[in-house]
1. Using only Cα atoms, what Kirkwood radius does segment 103-190 have, in angstroms?
2. What share of the DSSP beta bridges in the chain is antiparallel, in percent to the nearest 5?
3. How far is helix 108-126 tilted, in degrees, relative to the longest principal axis of the Cα atoms in the chain, given as a value from 0 to 90 rounded to the nearest 10?
4. Using only the alpha-carbon atoms, what does segment 1-124 span along each of its principal axes? Please give whole angstrom values in decreasing order.
5. Would you mind counting up the charge near Ala436? Only other residues with Cβ under 12 Å from its Cβ, with Lys and Arg at +1 and Asp and Glu at -1.
6. Taking the radius of gyration and the Kirkwood hydrodynamic radius from Cα positions alone, what is the Rg/Rh ratio for the chain, to two decimal places?
7. Taking segment 345-374, which trypsin sites (Lys or Arg not before Pro) meet the DSSP loop condition and have no more than 15 other C-beta atoms within 10 Å?
8. Give the relative contact order (percent, whole number) for the chain; include only Cα pairs under 8 Å separated by 6+ residues.
Amino acid sequence: MSQYAEGKKVGIKKTNRHINGKNISLELIDSFAGDIKAGDFVLVTAGSLSGYGVSYISGAEFSAMKGFSKPPQSEREAKILRVRKVDSSEVSLHPENPDLGTCIEANRKHLQALGKNAINTIRGIVSRNEYRDLPVYVSFSGGKDSLVVLDLAKAALKQREFKAFFLNTGIEFPETVDFARTFCREMKVPLEEMNSGSAFWEQVDKFGPPAKDFRWCCKVCKLASAGDLETEKGNCSLQEKKTSNAVAYLTVDGKRKHESFSRARIAASETNPFVPAQLNIFPIRDWRALEVWLYIHWRGLSYNPLYDLGFERVGCWLCPSALAAEYARVEELHPEMHARWNAFLLEWAKTRGLSKEFIEHGFWRWKELPPKMLRLAEELGISVLAKEKAEDFEIEVVSGISPCKAGGFSVEAGVKGIKEKEAADFINVLGKTVYAEELGMVLVKTGTGTVKFFSNGNLIVSSETKEKAVQLFKETAKQLVRLSRCTGCGICEKACPVGAVSIKEGKPLVSEACIRCGKCMESCVVTRYFDKIVPDLDEKLKV
């Protein structure tokens with residue numbers, strides 16, 4: 001690199017000392033490029049040796065130190081640079097720029113091995129005795145990873161019937177929808193398309209824009225539909241499978257561990273915590289993106305045209321994880337889609353006292369802004385503090401945690417937006433519930449205390465210790481928020497192993513059959529993001 005690069009170079013005087021991994025002082029520095037900043041990686045030469053290191057100072061600081069005819073002893077001994085590695089080996093750039101065909105040919109054996117291992121993973125799991133008669137699906141999003149998985153599954157399951165399923169979230173790119181349908185038709189793979197319709201637009205007013213740390217949209221638009229697959233094949237019904245925690249169907253999925261930290265530890269197969277009775281198989285979990293693309297070109301597979309139009313990812317077009325450049329491309333390709341979303345964001349920001357610049361610079365994409373965005377807001381003079389917006393539902397702690405006259409502790413609060421009849425039909429998830437309509441009261445007895453909710457909105461939670469009272473109050477608040485924010489997506493209904501949960505008129509009902517296993521809560525988007533929906537509960541409780 002030192003032969004071709006300009007700037008960022010440091011020359012060290014010829015020395016017999018071993019300098020790999022060592023700090024270099026001013027007296028050994030022969031030259032120091034002016035464009036270097038403190039912390040930069042730099043190219044290093046020392047006589048016939050070359051390599052790289054990290055600078056402790058900037059070029060301007062170096063010039064100031066060298067300005068003295070004889071720098072003070074302390075400056076002469078100051079650390080200027082840490083050498084990472086230098087040696088005398090000679091390397092050169094490849095004399096030719098290989099084309100795609102040459103790259104594929106050079107990696108053919110590697111790609112064949114990758115494909116063989118992935119096919120064996122699929123075959124090995126679907127052919128197990130306990131899974132032999134279950135339906136098999138390939139999760140096909142229209143993206144590059146699911147494209148490879150569908151091709152691999154077709155090779156692995158020649159003797160086994162399978163279908164591709166496409167979760168149309170209602171906010172997919174039109175190009176993605178067209179590609180998914182066209183590709184499956186050309187490959188003669190049966191496609192089952194689940195469509196969330198207008199679910200996103202119906203719920204976005206309730207939840208606000210999705211964020212990188214607040215992805216309610218995935219639960220509402222994807223998981224709610226994923227549980228609707230045909231799974232009645234085999235020796236017993238889906239409900240029986242759910243009750244016994246057995247697997248009802250298999251899904252071949254294209255998730256890779258290199259995509260994110262959250263996916264870094266995925267195994268060859270895992271059950272899905274949000275979609276009951278589903279076993280996911282991940283045959284390309286160890287692949288890198290470069291290997292995925294080489295495989296696609298090696299196999300001559302047609303792929304989503306959005307990749308050639310400047311998009312790194314082809315999921316939902318308004319995803320908060322998209323790059324800023326990708327949002328600019330959406331505006332160019334689909335101005336009407338971009339205009340609708342931008343109008344919503346601006347109105348949402350306006351009702352919370354946030355500026356137009358807050359939206360333009362993408363601050364809406366986080367619920368809790370990371371340090372880099374806080375620094376950017378400060379540099380640009382943009383306020384990121386939203387005004388509290390009154391919601392239909394409110395919960396206000398009245399007096400914190402108080403000792404009870406009869407012993408123990410209690411928390412009192414006022415609740416708005418929920419009727420005691422609604423609470424009575426749902427709060428059974430906490431414990432045995434008694435609804436005294438003539439008294440206008442719902443009483444819940446749990447393993448740790450009691451909950452009383454009155455028709456006037458008063459809420460009293462009691463337990464034997466302060467800690468248990470706080471915990472029970474939080475669990476109660478979580479369920480009340482869940483009830484008030486329910487989207488009617490039906491994930492909890494599908495997750496319940498005993499059929500105790502149902503959705504009527506958009507509200508969840510829990511029958512006495514509830515065994516309080518917590519699976520409906522684990523799958524609920526409101527429960528998952530409770531701390532972000534009600535971020536100040538601990539402050540109100542003074543804990």
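The values are calculated or read from the model by the stated rules, or taken from the named source; none is laboratory data. Nothing here was measured: the structure is a model prediction, and the numbers come from that model. FYI the Cβ positions are ideal-geometry reconstructions off the backbone, even for glycines, and counts take in every protein chain you see. Note: accessible area is taken over every heavy atom of the protein model, side chains too, but ligands, DNA and RNA are not part of it. Shrake-Rupley method; radii C 1.70, N 1.55, O 1.52, S 1.80 Å.
1. Working: mean 1/r = 0.0697 Å⁻¹.
About 14.3 Å, per the Kirkwood formula over Cα pairs.
2. Numbers: 54 of 73 bridges.
Close to 75 percent.
3. Roughly 20 degrees, rounded to the nearest 10.
4. Dimensions of segment 1-124 along the principal axes of its Cα atoms: 73, 35, 28 Å.
5. Working: positive: Lys421, Lys452; negative: Glu420, Glu437, Glu438.
Around Ala436, the charge tally is -1.
6. Looking at the chain, the ratio lands at 1.07.
7. Numbers: sites: Lys350, Arg352, Lys356, Arg365, Lys367, Lys372; in loops: Arg352, Lys367.
When the trypsin sites (Lys or Arg not before Pro) of segment 345-374 are filtered for loop state and at most 15 Cβ neighbours within 10 Å, Arg352 remain.
8. Values: 897 pairs, mean separation 54.3, N = 543.
10 percent.
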